[in-house]
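One structure is given below, encoded as structure tokens.
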Amino acid sequence: MIVSFKSYLQHGLKVLKTQGVGALARLIRRQLDRRAGRYYQGFYDYGYEGWLKRKQSPAASAPRSDGPLISIVVPVYNVGVEWLQAAVQSVIDQRYTNWQLCLVDDASTSADIAQTLQRFAASDSRIVVKTNKENMGIAVSSNTAIGMARGQYIALLDHDDLLTTDALLEVVNAIDQNPAAEFFYSDEDKVDQSGRFNTPFFKPDYSPELLLSQNYIGHLVVIRSELIRRLQGFRMGYDGAQDYDLVLRATAAAAQVIHIPRVLYHWRQIPGSTASVYGEKSYAWAAGKRALDDFIVTRVPGTTVETAEIPGTYRVRYPVEGHPAVSVIIPFRDQPQLLDQCLSSVFSHTAWQNIEVIGIDNQSIDPAIQEVKKRWVARDDRVRFVDYDQPFNFSAICNQGVVLARGEYIVLLNNDVEIVSDQWIESMLGLAQQQSIGAVGALLHYPDQRVQHAGIVVGIAGNAGHPFKTFSSSLPGYFGRLKITSNVSAVTAALLMVSRSKYLEVGGLDETLFAVALNDVDLCLKLQQTGYRNVINADCQAIHFESVSRGSDRDPMKKVRYLNEVQAFENKWAAFIENGDPFYNPNLTLISEDYTLR
């Protein structure tokens with residue numbers, strides 16, 4: 001469902017009523033900036049500090065000490081004393097008091113650092129300090145701190161960053177609610193030298209494919225001690241990305257990974273820090289690639305890892321096993337030029353030979369469509385056409401195509417889509433062949449290169465919306481989301497690949513409840529409910545001339561049908577909508593599609 005002008009108007013009136021003219025003016029400016037492509041990261045900072053004070057200030061309650069001991073490990077090396085003091089003080093100020101702070105000085109050259117650490121250790125028995133005789137590097141120093149830890153859980157803190165005062169309390173609350181979990185992480189933001197909080201990173205729940213694209217987990221990380229020791233802690237050779245290496249291994253081995261959707265960690269922005277400018281630590285990007293290489297190749301031999309467009313991001317390319325048949329199903333009615341363009345794009349960008357294209361003609365009346373069909377059948381014996389002589393039912397049409405398909409993998413493709421990526425079949429197959437992956441979607445653009453589809457968020461506008469819709473496709477999106485592969489709850493069937501067996505396992509598209517609208521979202525949620533993860537594939541891009549062939553839903557009967565399908569979707573998936581899309585953050589808006597604050 002597209003977020004309508006009516007929704008924006010209602011939201012604007014609510015803002016005016018509850019927050020005043022200034023807030024409404026900022027909202028309008030924000031939307032105008034977005035549409036003009038004038039913002040980028042600062043766009044997401046609008047009103048953040050005020051929001052943080054309102055939404056995340058700790059409740060006035062007594063400190064808590066009953067719960068597991070949490071050991072906080074901090075490797076220290078040549079940090080500004082003022083930042084080190086602030087970091088340690090943020091631990092001392094915790095409302096949860098059952099903690100141990102393990103500080104390891106990696107032979108810092110400043111005598112002030114040693115004096116500061118000893119002063120803290122003398123003032124609080126929960127603080128323990130060791131000093132390396134020579135500089136050993138961050139991995140060795142972190143492992144030394146882990147060796148000092150007595151806690152059931154280990155938290156990771158950098159020597160110049162800050163914990164919020166409720167950070168450990170929120171972690172312990174999460175442990176209480178999820179006793180089997182072994183890995184916890186939170187949202188985070190950055191703090192500049194003047195103390196201004198900015199650039200909040202509101203993360204999804206555990207998203208394995210996103211983690212293979214970037215270390216989105218970042219901070220705060222808390223891991224069960226037994227797990228971190230079983231993994232032998234940090235490994236040498238990955239300095240700059242030693243945390244990414246540990247996170248990859250720990251999340252894969254953990255019994256359960258829990259995301260705490262609150263900002264519990266402030267990442268310090270000072271000259272030379274990764275939080276300030278990633279480019280100043282390009283070695284960390286290279287080290288991250290090595291860690292990812294080592295991690296993924298042992299699990300899927302033949303996989304390659306490349307650095308992606310945005311610093312700190314990666315592209316994982318899976319090999320295709322064997323030569324599976326792929327069936328591309330294209331429903332259409334009339335619109336001969338669109339069909340011809342769609343087919344031309346498929347074959348001009350496809351090197352994969354074991355492919356068939358099934359065009360399903362839904363009562364075309366334009367004589368020119370017959371000429372297009374004859375020409376393509378004569379041109380390529382992998383193309384065939386069948387008739388669907390019933391009223392338009394997108395779900396039924398696609399299901400018929402799957403019944404007729406010979407392929408092990410199905411591509412649902414709208415006739416108003418033009419493929420623009422080479423090797424698109426191979427890039428989607430590599431993902432779709434992974435046992436844990438359900439539907440694989442593509443990045444779709446309008447003809448003017450604005451974003452049309454980059455995955456679907458369930459819950460926007462009450463049912464489903466397309467984040468980043470109408471953004472310029474040249475922009476990176478929220479923390480690079482438009483340029484990397486990641487998990488989403490749903491993708492559009494305008495261009496979707498799924499294994500035939502998984503499609504049939506969940507019953508295909510629902511012909512009864514969702515003849516036209518939301519059938520693809522329903523399919524993806526059924527796949528997710530069954531245990532598969534859906535993915536948006538950044539390597540496959542196409543132009544979508546959205547709904548050109550079907551036209552609008554202004555006809556009264558179509559409008560009634562559409563509203564009935566929306567209601568059916570909201571009824572069927574009410575619990576999912578209420579709980580929130582796991583690959584979206586509850587702190588983000590459900591009114592618009594721009595990833596701004598809720």
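Just so you know, all these numbers are worked out from the coordinates, no wet-lab data involved. Owing to the predicted nature of the structure, the values given are computational and were not obtained by experimental measurement. Reconstructed Cβ throughout: ideal geometry from the backbone, glycine too, with neighbour counts over all protein chains shown.
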Summed residue charge, Cβ within 12 Å of Phe583's Cβ, Lys/Arg positive, Asp/Glu negative: 0
Which net charge results when you count Lys and Arg as +1 and Asp and Glu as -1 among the other residues whose beta-carbon is under 11 Å from that of Pro476? +1
The summed charge of the Arg249 Cβ neighbourhood (under 15 Å; Lys/Arg +1, Asp/Glu -1) stands at 0
To the nearest 10 degrees, the tilt of helix 556-572 (Cα long axis) against the first principal axis of the alpha carbons of the chain is 40 degrees
Specify the angular offset, from 0 to 90 degrees and rounded to the nearest 10, of the alpha carbon long axis of helix 81-92 from the longest principal axis of the alpha carbons in the chain. 80 degrees
Antiparallel DSSP beta bridges within the chain, percent to nearest 5: 45 percent
Determine the distance separating the Cα centre of segment 73-115 from the Cα centre of segment 435-452; give it in Å without decimals. 45 Å
Longest segment of the chain with no GluC sites (Glu not before Pro) in a DSSP loop having at most 15 other Cβ atoms within 10 Å? 322-598
Given the pairs Lys17/Lys53; Lys17/Lys483; Lys190/Lys572; Lys133/Lys203; Lys526/Lys559; Lys374/Lys483, which span a C-alpha to C-alpha distance of over 32 angstrom in this model? Lys17/Lys483; Lys190/Lys572; Lys133/Lys203; Lys374/Lys483
Calculate for the chain the 222 nm mean residue ellipticity that helices alone would give, adding -39,500 (n - 2.57) per DSSP H run of length 4 or more and normalising by residue count, nearest 500 deg cm²/dmol. -11000 deg cm²/dmol
Shape call for segment 326-579 from the C-alpha gyration tensor, a ≥ b ≥ c root eigenvalues: rounded (a/c under 1.5), prolate (a/b greater than b/c) or oblate? rounded
Answer rounded, prolate or oblate for the chain, using the Cα gyration tensor with square roots of eigenvalues a ≥ b ≥ c: rounded when a/c is under 1.5, else prolate when a/b is larger than b/c, else oblate. prolate
For each of Val88, Val320, Val21, Val257, count neighbouring Cβ atoms within 10 Å of the residue's Cβ, then give the residues from fewest to most. Val21, Val320, Val257, Val88
Acute angle (nearest 10 degrees) that the helix 242-253 long axis makes with the longest principal axis of the chain, alpha-carbon atoms: 60 degrees
How big is segment 287-386 in terms of Cα radius of gyration and Dmax, in angstroms? 19.8, 60
